[in-house]
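Asker: I am attaching a structure below and will ask some questions about it afterwards.
The values are calculated or read from the model by the stated rules, or taken from the named source; none is laboratory data. All values derive from a computational prediction rather than experimental measurement. Because the Cβ atoms are built from the backbone with ideal geometry, glycine has one as well, and the counts that use them run over all protein chains shown.
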Amino acid sequence: MKIENTALTEAVYYILLSVYMPLHGYGIMQNVETLSKGRVHLAAGTLYGALNTMLEKGWIRALPEESKSRKKEYVITELGKTVAKNELKRLQELVSNGKKILEVE
């Protein structure tokens, strides 16, 4: 499967980080807010649109639903981990170049 070399949105990046452990939609929304210290708030439509796109791309997968629960859980795939790591490298490069040019420690 082809790994896209595109910049992720902040929401998608945080969603990928959130599903390193299986998590349902509401849990993902809460985790993204926690990780971003409240700066990133995902609306349900944004979250589920992003989840569907990531499912189609093979970056995450849905876990089999338990009969007792209506909550669908998602977990990152190996391809998704590669995508997240590539994004981290891209972000580190941005920060490094910014520090050099802006002369910030």
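Asker: Out of all the residues in the stretch 56-78, which are modelled with pLDDT of 95 or more, farther than 14 Å from His24 by Cα and not acidic (Asp, Glu)?
Answerer: Lys57, Gly58, Trp59, Thr77
Asker: Taking Tyr20, is it loosely packed, with under 15 Cβ neighbours inside 10 Å and under 12 Å from the mean Cα position of the chain (by Cα)?
Answerer: Numbers: loosely packed, with under 15 Cβ neighbours inside 10 Å: yes; under 12 Å from the mean Cα position of the chain (by Cα): yes.
Taking the combined requirement at face value, the residue satisfies it.
Asker: Please count how many residues of the stretch 23-48 are surrounded by 14 or more Cβ atoms within 10 Å (Cβ to Cβ) and part of a loop (DSSP other than H, G, I, E, B).
Answerer: Counting residues in the stretch 23-48 that are surrounded by 14 or more Cβ atoms within 10 Å (Cβ to Cβ) and part of a loop (DSSP other than H, G, I, E, B) gives 3.
Asker: To continue, here is another question. Any idea how many residues of the stretch 56-105 are over 15 Å from Leu16 (Cβ atoms) and among the basic types (Lys, Arg)?
Answerer: So the answer is 6.
Asker: Is there a residue being surrounded by 15 or more Cβ atoms within 10 Å (Cβ to Cβ) and part of a helix (DSSP H, G or I) anywhere in the stretch 62-77?
Answerer: No - not one qualifying residue is present in the stretch 62-77.
Asker: Taking the stretch 42-77 as the region of interest, how many residues are over 18 Å from Ala7 (Cα atoms), over 13 Å from the mean Cα position of the chain (by Cα) and not small (Gly, Ala, Ser)?
Answerer: Final tally of qualifying residues: 9.
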